[in-house]
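Novice: Got a structure for you, written out below as structure tokens; questions coming shortly.
The values are calculated or read from the model by the stated rules, or taken from the named source; none is laboratory data. What you are looking at is a predicted structure, and each value in this text was computed from that prediction instead of being measured. Here Cβ is always computed from backbone atoms with ideal geometry, including for glycine, and neighbour counts include all displayed protein chains.
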């Protein structure tokens, strides 16, 4: 019987997470958006070579783009390649786009990348959230709550 060889490719599941999104921003709404990508970008994502920690959403001509999202160059590329930090178009329904643009026009709101993953059909999706930046005292409160939950779990276990 032949041994199963694990592939390095990610067919479904998470590629990258932005762990600081919930710490730095108070996320009010989340959306799952498709991405307009080139072939080498998808191949690089399947290898897990992406970083969305500094990614944010911008609006250009009534369309939404994700800016500052890093996708490494694909190592086995031929003549085709891509820029590592280019603006990539977010694919959402028109109603959702208008709703997000309306919220972005309000002071203090920003579109933050939360998680990059492949769905069940193998398509790259980006979960974005409408967030308002937290102040320093809000961050301290988040740390306090998290520490209290850990301490409470330890007490309940004993």
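Novice: Please enumerate the residues belonging to segment 58-82 that are within 18 Å of the chain's Cα centre (by Cα), surrounded by fewer than 18 Cβ atoms within 10 Å (Cβ to Cβ) and in a loop (DSSP other than H, G, I, E, B).
Specialist: Hits for segment 58-82 are 68, 72.
Novice: Could you tell me whether any residue of segment 21-31 is surrounded by fewer than 14 Cβ atoms within 10 Å (Cβ to Cβ) and free of Cβ contacts under 8 Å to residues at least 40 places away in the same chain?
Specialist: Scanning segment 21-31 turns up no residue that is surrounded by fewer than 14 Cβ atoms within 10 Å (Cβ to Cβ) and free of Cβ contacts under 8 Å to residues at least 40 places away in the same chain.
Novice: Which of (1) buried (at least 18 other Cβ atoms within 10 Å of the Cβ); (2) at pLDDT below 90 is the odd one out, the single condition residue 55 does not satisfy?
Specialist: Just one mismatch for residue 55, condition (2).
Novice: For segment 107-158, which positions are closer than 24 Å to residue 25 by Cα, more than 17 Å from the chain's Cα centre (by Cα) and not in a helix (DSSP H, G or I)?
Specialist: The answer is 107, 108, 134, 135.
Novice: If I filter segment 77-99 for residues that are free of Cβ contacts under 8 Å to residues at least 60 places away in the same chain, on the phi > 0 side of the Ramachandran plot and out of contact with any helix residue (DSSP H, G or I) (no Cβ under 8 Å at 6 or more places or on another chain), do I get at least one hit? Spell out the reasoning first.
Specialist: Start the filter on segment 77-99 by keeping residues that are free of Cβ contacts under 8 Å to residues at least 60 places away in the same chain, which leaves 77-91, 93-95, 97-99.
Okay, now just the ones that are also on the phi > 0 side of the Ramachandran plot, so none.
For segment 77-99, residues free of Cβ contacts under 8 Å to residues at least 60 places away in the same chain, on the phi > 0 side of the Ramachandran plot and out of contact with any helix residue (DSSP H, G or I) (no Cβ under 8 Å at 6 or more places or on another chain): absent.
Novice: Look at residue 119 and say whether it is touching a residue at least 40 places away in the same chain (Cβ under 8 Å), in contact with a strand residue (DSSP E or B) (Cβ under 8 Å, 6 or more places away or on another chain) and surrounded by 10 or more Cβ atoms within 10 Å (Cβ to Cβ). I'd like the intermediate steps shown before the answer.
Specialist: Details: touching a residue at least 40 places away in the same chain (Cβ under 8 Å): yes; in contact with a strand residue (DSSP E or B) (Cβ under 8 Å, 6 or more places away or on another chain): yes; surrounded by 10 or more Cβ atoms within 10 Å (Cβ to Cβ): yes.
Judged against the criteria, residue 119 is a match.
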